[in-house]
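Engineer: One structure, pasted below without further comment.
The values are calculated or read from the model by the stated rules, or taken from the named source; none is laboratory data. In this text, all values refer to a predicted model and were calculated from it rather than measured experimentally. Positions of Cβ are backbone-derived with ideal geometry, glycine not excepted, and every protein chain shown enters the neighbour counts.
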Amino acid sequence: MVKQLWRFFYYCILLGFGLVALFLVSSTLPINRGFQSYIVLSGSMEPDVPVGSLVLVKAKPDYYLGDIVTYKDNSQMVTHRIVGLDVAGDQETYVTKGDSNEDPDLKPVNKTQVKGELIFVLPYLGYAIDFAKKPIGFIALIVIPGTVIIYDELKKIIKEFKSFFSGHPSIDKDTKIKQLENEIENLRQYLKKS
């Protein structure tokens, strides 16, 4: 029971580190198909989008009132809701506002600034991604767990090689029990026929 609980815990941690690594890579590299991920650094969209959330956005040809979009404002990425549309000629701009802000944003947002519409939110995962982008965080969240996993898997591979070359392949307990049960059943069938 303890071994199964440890194995479950081990795979949950492995999955967690895998997600952090995946989103770390996806937030730093351009991804095709219009998907991008960003970290929310302010509370302007709380409670729906808490500070430290990782948001996934997808580029669309058009955006509408009520859509939550991420756009580039100078060097910052901002995630706010569209509360107004303005069209002047072929130039479309949006009036945006954070859900927890009283007033709309001062500057209108050009359609070209918008990176995409909010697809889903992973609360607080952004903290881990942001930490992993720093050298100490990268070592703590990616390098060390990766090294432990590789070491553990290498131990298993070496054990299998040793058992293979010694002529006694290792078989887990459940497999051995099933093999014995099958042999017993085969003997019963043989004795019934005799």
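Engineer: Residues that are crowded, with 16+ Cβ neighbours inside 10 Å, of a type in the set (D, E) and assigned to a strand (DSSP E or B): does region 97-107 have at least one?
Structural biologist: No, because not a single residue in region 97-107 is crowded, with 16+ Cβ neighbours inside 10 Å, of a type in the set (D, E) and assigned to a strand (DSSP E or B).
Engineer: Checking I144 against (1) free of Cβ contacts under 8 Å to residues at least 40 places away in the same chain; (2) surrounded by 13 or more Cβ atoms within 10 Å (Cβ to Cβ): exactly one of these is not met. Which one?
Structural biologist: The one condition I144 does not meet is (2).
Engineer: Moving on. For region 1-91, give me every one of the strands (runs of 3 or more DSSP E) that falls completely inside it and has 2 or more residues that are of a type outside the set (G, A, S), modelled with pLDDT under 85 and within 30 Å of A140 (Cβ to Cβ). Don't jump to the end; show me each part of the working.
Structural biologist: Values: elements: 35-39, 54-58, 68-73, 76-88.
Here the list reads 35-39.
Engineer: Of everything in region 114-136, what is part of a helix (DSSP H, G or I) and crowded, with 17+ Cβ neighbours inside 10 Å? Give them in sequence order.
Structural biologist: Matches in region 114-136: L125, G126, A128, I129, A132.
Engineer: Looking only at region 38-72, filter to residues that are over 10 Å from K115 (Cβ atoms) and among the small types (G, A, S); which one of those is nearest to the chain's Cα centre (by Cα)?
Structural biologist: Per the criteria, the residue is S53.
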